[in-house]
Amino acid sequence: GTRRPLLIDLVLKENSEIEYLYDYVKRYKTAIYAETFVPSLNNGKGAFVWSTAAALLDDTGSYQGAIESIRDITEIKQTENAMRESEEKYRTIFNAVNDAIIIYSLEKATILDVNNRMCEMYGYSHEEAIKASLSNLSDFKTAHPEQNTLSMLFLAAAKSPQLLECRTKDKHGRQFWAEINASRISIGGCEHLLLTAKDIEENKHIKKQLEDERQRFLTLTEEAPFGIVLIDANGKYIYINAKFKEIFGYGLQDIPNGKTWFKKAYPDAEYRRNVIGIWLNDVEKFSLDPSVRESKQWTFTVTCKDNKQKIISFIVVNLPTREYLMTLEDITEQKRAEEELYGKKTELDIKSTHLEEVNAALKVLLRERENDKNELEEKVLSNIKE
């Protein structure tokens, strides 16, 4: 909308003010190239144009004039802008991923690109990472000694995606465990290896701690002198220890859940209803008041796998995980000993009562003997006097 010299006018005479109005200006020998956006073109929609102007020289090299061509490059610019936006989106997502990403060219055997997370994880700058080799990032130790890290990665390039855990190292030589996912991809008609790596050093440490805790738990429960059962919120039996099997003869395959246990342990329907009622009452208390962690101690007669009956003491513990831990102890011998002791005590009480009665009778007899003696003495004295 403003008159100004054409690009062709700048061929023989430089004008920095005019050149400033273009988005892009470049000179090469006697030619000049420029790019700009013209709002008035395409019925006011505007257009990006590319202009080229050059001097016309004769055979002697003298200037005879100039020529300029103007091309509408709107579609090209729109494509470039779309590609640029796509590249920006790709780069944003690429760098926002929390896993390290490495794109490796199988043809050139070099690392083509890495994301920011890779640089953070391994301590490299982007330029250093591009120059590094895959062998710089691994000490070739996997979670399974028979596997080789690089061979597994290139197996992914040849066949199918691979997921493996391996020891890897950063720029400073610090070693850590990483979970690497490798797969073959095609970019621009060329085959590449896409590697994603997740730092699982902390996870490994936590898993080891959990495994150690699990082993300690299993050791304690398996060596416990009383039966232990772990029950989930749905009544499924998750774990029973060795003492439980020893007491009842049942394994997890025999009693996978509480319903099966109640039927086998309490074959009498009436007795079973009473036991289930007590169990449900405890569960209701746990749900109404989460602070209640332990049930009362209950004693029931249980039928074992070999049909023998045993007297068992039960306690149910409500765990924070909404699971239940049931501990039980065989008190059959104790109960029998108590009954035997009670019987002996009753017998002893009867004998003691009888002994007291005999003792009282003896006291009466002794008193009578004493009276007879005194009476005899008085008669003797009386006779002597007479």
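Of the listed requirements (1) among the β-branched types (V, I, T); (2) part of a strand (DSSP E or B); (3) free of Cβ contacts under 8 Å to residues at least 12 places away in the same chain, T79 misses just one: (2). D282 meets all of the listed conditions (1) closer than 18 Å to Y250 by Cβ; (2) open to solvent by less than 60 Å² (accessible area, probe 1.4 Å); (3) not in a strand (DSSP E or B) but one, namely (1).
In region 1-15, the residue that is farthest from Y63 (Cα to Cα) out of those that are free of Cβ contacts under 8 Å to residues at least 12 places away in the same chain and out of contact with any helix residue (DSSP H, G or I) (no Cβ under 9 Å at 6 or more places or on another chain) is T2.
So, in region 115-129, how many residues would count as being open to solvent by 50 Å² or more (accessible area, probe 1.4 Å), more than 26 Å from the chain's Cα centre (by Cα) and either under 18 Å from A178 (Cα atoms) or hydrophobic (A, V, I, L, M, F, W, C) (or both)? Break it down into steps so the answer makes sense when it comes.
Here is the first cut: in region 115-129, the residues open to solvent by 50 Å² or more (accessible area, probe 1.4 Å) are 116-117, 120, 126-128.
Going one step further and asking which of them are more than 26 Å from the chain's Cα centre (by Cα), we end up with 126-128.
When the remaining residues are screened for being either under 18 Å from A178 (Cα atoms) or hydrophobic (A, V, I, L, M, F, W, C) (or both), the result is none.
Counting residues in region 115-129 that are open to solvent by 50 Å² or more (accessible area, probe 1.4 Å), more than 26 Å from the chain's Cα centre (by Cα) and either under 18 Å from A178 (Cα atoms) or hydrophobic (A, V, I, L, M, F, W, C) (or both) gives 0.
The set of residues in region 303-357 being open to solvent by 70 Å² or more (accessible area, probe 1.4 Å), outside any helix (DSSP H, G or I) and either touching a residue at least 24 places away in the same chain (Cβ under 8 Å) or of a type in the set (A, V, I, L, M) (or both) consists of K305, D306, R322, E329. Counting only residues that are of a type in the set (G, A, S), at pLDDT 85 or above and not in a loop (DSSP other than H, G, I, E, B), region 8-56 holds 7 of them. Hey, any hits in region 285-302 for a residue that's surrounded by 12 or more Cβ atoms within 10 Å (Cβ to Cβ), touching a strand residue (DSSP E or B) at 6+ places or on another chain (Cβ under 8 Å), part of a loop (DSSP other than H, G, I, E, B) and at pLDDT 90 or above? There is no residue in region 285-302 that is surrounded by 12 or more Cβ atoms within 10 Å (Cβ to Cβ), touching a strand residue (DSSP E or B) at 6+ places or on another chain (Cβ under 8 Å), part of a loop (DSSP other than H, G, I, E, B) and at pLDDT 90 or above. Checking F94, F140 one by one, the residue that is of a type in the set (F, W, Y) and at pLDDT below 85 is F140 and no other. Residues that are touching a Ser or Thr at 6+ places or on another chain (Cβ under 9 Å) and not hydrophobic (A, V, I, L, M, F, W, C) within region 251-280 comprise D254, K264, Y266, P267, D268, Y271, listed in sequence order.
Could you list all residues from region 16-39 that are closer than 19 Å to G1 by Cα, of a type outside the set (A, V, I, L, M, F, W, C), out of contact with any helix residue (DSSP H, G or I) (no Cβ under 7 Å at 6 or more places or on another chain) and surrounded by 14 or more Cβ atoms within 10 Å (Cβ to Cβ)? Within region 16-39, Y22, E35, T36 meet the criteria.
Out of L195, L153, which single residue is surrounded by 19 or more Cβ atoms within 10 Å (Cβ to Cβ), part of a strand (DSSP E or B) and either at pLDDT 85 or above or not β-branched (V, I, T) (or both)? Only one candidate qualifies: L195. Only residues that are farther than 23 Å from G189 by Cβ, part of a helix (DSSP H, G or I) and open to solvent by 70 Å² or more (accessible area, probe 1.4 Å) were counted across region 86-100, and they come to 3. Only one entry in I331, I312, I276 is aliphatic (A, V, I, L, M) and over 21 Å from F226 (Cβ atoms), namely I276. V49 satisfies every condition listed in (1) farther than 16 Å from I73 by Cβ; (2) of a type outside the set (F, W, Y); (3) open to solvent by less than 30 Å² (accessible area, probe 1.4 Å) except (1). Apart from one condition, N234 fits all of (1) open to solvent by 90 Å² or more (accessible area, probe 1.4 Å); (2) modelled with pLDDT of 90 or more; (3) not in a helix (DSSP H, G or I); the exception is (2).
Checking each residue in region 237-255 for being surrounded by fewer than 14 Cβ atoms within 10 Å (Cβ to Cβ) and assigned to a loop (DSSP other than H, G, I, E, B) picks out G249, G251, Q253. Within region 101-114, the residues that satisfy the criterion of being of a type outside the set (G, A, S) and either open to solvent by 60 Å² or more (accessible area, probe 1.4 Å) or in a strand (DSSP E or B) (or both) are I101, I102, I103, Y104, E107, K108, T110, I111, L112, D113, V114.
Out of region 170-192, which residues are open to solvent by less than 40 Å² (accessible area, probe 1.4 Å), under 16 Å from I111 (Cα atoms) and small (G, A, S)?
Of everything in region 170-192, those that are open to solvent by less than 40 Å² (accessible area, probe 1.4 Å), under 16 Å from I111 (Cα atoms) and small (G, A, S) turn out to be A182, S183.
Yes or no: L57 open to solvent by 70 Å² or more (accessible area, probe 1.4 Å) and not basic (K, R)? The answer is yes for L57.
The values are calculated or read from the model by the stated rules, or taken from the named source; none is laboratory data. Here the structure is a predicted model, which is why all the values come from computation and not from measurement. Reconstructed Cβ throughout: ideal geometry from the backbone, glycine too, with neighbour counts over all protein chains shown. Surface areas here come from the heavy atoms of the whole protein model, side chains and all, with no ligands, DNA or RNA. Shrake-Rupley method; radii C 1.70, N 1.55, O 1.52, S 1.80 Å.
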